[in-house]
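Structure record follows, encoded as structure tokens.
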Ligand code: SAH
């Protein structure tokens, strides 16, 4: 782990006072249920319900879904979730800035910059482990406000002496035009512009102050093929899941229908006969009585695995979830409260726990998978304690000290985010010493010395 230690001390030694208070974690209710996964901000209660946009969007989303159900019958939970979250006009993610102190929930990169800095060190360490390829694409799926990418890029510039030789570019996969504007502001200030044609796969492009190129895409498949480190933080939980119920007649899909007694309400029903999804997506040896399958997440992981296998690189997926044991985890979030999944669709976030065992299965045998390990373990292995000690030693302002300690507690405390969130990684098999396939590998010019994978192995200082 020497390399990771050296990167940490190089990245942070000369900027010990550069910690900026990003969020006051006292905004976050101490009683927030870890079961909920998402952490919400106490200031957010009025955000959803008071917005005029919201009042208009809710009935139109309900109307849209009802007319669809009336014409073609009940829709799958996956279709419902997809419409509610990413409908191009009224979708939750498309319309709202749901993140941070003024939004519906708060995420680790928004709590402390230290989170993104440690991920930045992980990325540099993996790039080094791959033999320092000339090109380094940072690809983030679902970048939210752009804070994580900004923190990672700051580490790259602190480690200029290490990364300087590589041509770095940033590629953001974001479905929400509104959030892409926010990300552009965070990363490039005014140095960005929208594409002139809607057909352009790069719908926005810009440049950071340090002249790093930043491109926005709607879909992962549009990101150019090259050595890439993929990061997905709280992205997979936002993807639509199918729900299946074991019945006496076998597996049946759960669907969303109109409540017969009240046409303004929706209800869950169990399909009377098998659907294509229930016949193909449930494992033959499944033992649970209720399962959720995120087919879209499976396809994305397959794409990541294929890219890593062919072009080199790694993926770091961080989210709340389980390893094949979860059952009914779909839930809604509005304000800082759990919210009925079927009520006022489009006004609340919908989320389901990530099934890491499914992601591992979908990744296939061409890549190596590590984890899931708890966020607490990953951050501690990455040296969060040492980083915090240095920051505290150099900080005399009592309120910043308090904020540092509470954000550390929020990120690592087992009863807060520490054990609820997990890290999972896809790696090129050569990273773990698995013999190289005879063909299809383009990246290694020199054979890299095998470095341990940071974060997943204990780091001793
Ligand atoms: N990673 C950020 C934001 C998490 S919220 C953080 O941790 O703070 C989920 C993010 O994924 C949002 O940016 C949302 O707009 C984006 N998103 C959701 N579904 C998506 C999809 N199907 N394709 C691309 N982006 C999506």
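Assorted remarks:
- Being at pLDDT below 95 and either within 16 Å of the ligand (Cβ to nearest atom) or over 30 Å from residue 293 (Cα atoms) (or both) is a condition met by no residue of segment 224-231.
- In segment 155-188, residue nearest to the ligand (Cβ to nearest atom) [restricted to those that are out of contact with any helix residue (DSSP H, G or I) (no Cβ under 8 Å at 6 or more places or on another chain) and over 29 Å from residue 85 (Cβ atoms)]: 157
- Looking only at residues in segment 74-105 that are in a loop (DSSP other than H, G, I, E, B) and touching a strand residue (DSSP E or B) at 6+ places or on another chain (Cβ under 8 Å), the one that is nearest to residue 254 (Cα to Cα) is 74.
- Residue count for segment 96-118 satisfying the condition of being buried (at least 21 other Cβ atoms within 10 Å of the Cβ) and either within 11 Å of the ligand (Cβ to nearest atom) or farther than 30 Å from residue 7 by Cα (or both): 15.
- Residue in segment 106-113 that is out of contact with any helix residue (DSSP H, G or I) (no Cβ under 9 Å at 6 or more places or on another chain), in contact (Cβ under 8 Å) with a residue 40 or more places away in the chain and assigned to a strand (DSSP E or B) present: no
- Test: residue in segment 242-253 that is within 16 Å of the ligand (Cβ to nearest atom) and within 24 Å of residue 311 (Cα to Cα): no
- Residue within segment 129-145 that is buried (at least 20 other Cβ atoms within 10 Å of the Cβ), in contact with a helix residue (DSSP H, G or I) (Cβ under 7 Å, 6 or more places away or on another chain), modelled with pLDDT under 95 and part of a helix (DSSP H, G or I) present: yes
- Some residue of segment 279-291 being within 16 Å of the ligand (Cβ to nearest atom), part of a helix (DSSP H, G or I) and without any contact (Cβ under 8 Å) to a residue 60 or more places away in the chain: no
- Looking only at residues in segment 198-210 that are within 16 Å of the ligand (Cβ to nearest atom) and under 16 Å from residue 140 (Cβ atoms), the one that is surrounded by the most Cβ atoms within 10 Å (Cβ to Cβ) is 204.
- Residues in segment 146-165 that are closer than 21 Å to residue 5 by Cβ and outside any helix (DSSP H, G or I): 2 in all.
- Qualifying residue in segment 53-70 (condition: in a loop (DSSP other than H, G, I, E, B) and either modelled with pLDDT of 50 or more or under 24 Å from the mean Cα position of the chain (by Cα) (or both)): no
- Residue count for segment 167-210, restricted to those that are free of Cβ contacts under 8 Å to residues at least 40 places away in the same chain and assigned to a loop (DSSP other than H, G, I, E, B): 11.
- Every condition in (1) within 29 Å of residue 223 (Cα to Cα); (2) away from the ligand (no atom under 15 Å from the Cβ) holds for residue 297 except the one numbered (2).
- Flag if residue 195 is surrounded by fewer than 15 Cβ atoms within 10 Å (Cβ to Cβ) and modelled with pLDDT of 95 or more: yes
- Residue that is farthest from residue 421 (Cα to Cα) [pool: residues in segment 232-241 that are part of a loop (DSSP other than H, G, I, E, B) and within 12 Å of the ligand (Cβ to nearest atom)]: 240
- In segment 372-389, the residues that are more than 14 Å from residue 117 (Cα to Cα) and at pLDDT below 95: 389
- Qualifying position, being farther than 30 Å from residue 267 by Cβ and surrounded by fewer than 22 Cβ atoms within 10 Å (Cβ to Cβ), among 337, 375, 303: 303
- Any chance residue 162 is crowded, with 22+ Cβ neighbours inside 10 Å and either out of contact with any strand residue (DSSP E or B) (no Cβ under 8 Å at 6 or more places or on another chain) or modelled with pLDDT of 95 or more (or both): no
The values are calculated or read from the model by the stated rules, or taken from the named source; none is laboratory data. Please read these numbers as outputs of a predicted model, since none were measured by experiment. Note that we place each Cβ from the backbone using ideal geometry, even for glycine, and neighbour counts take in every protein chain shown.
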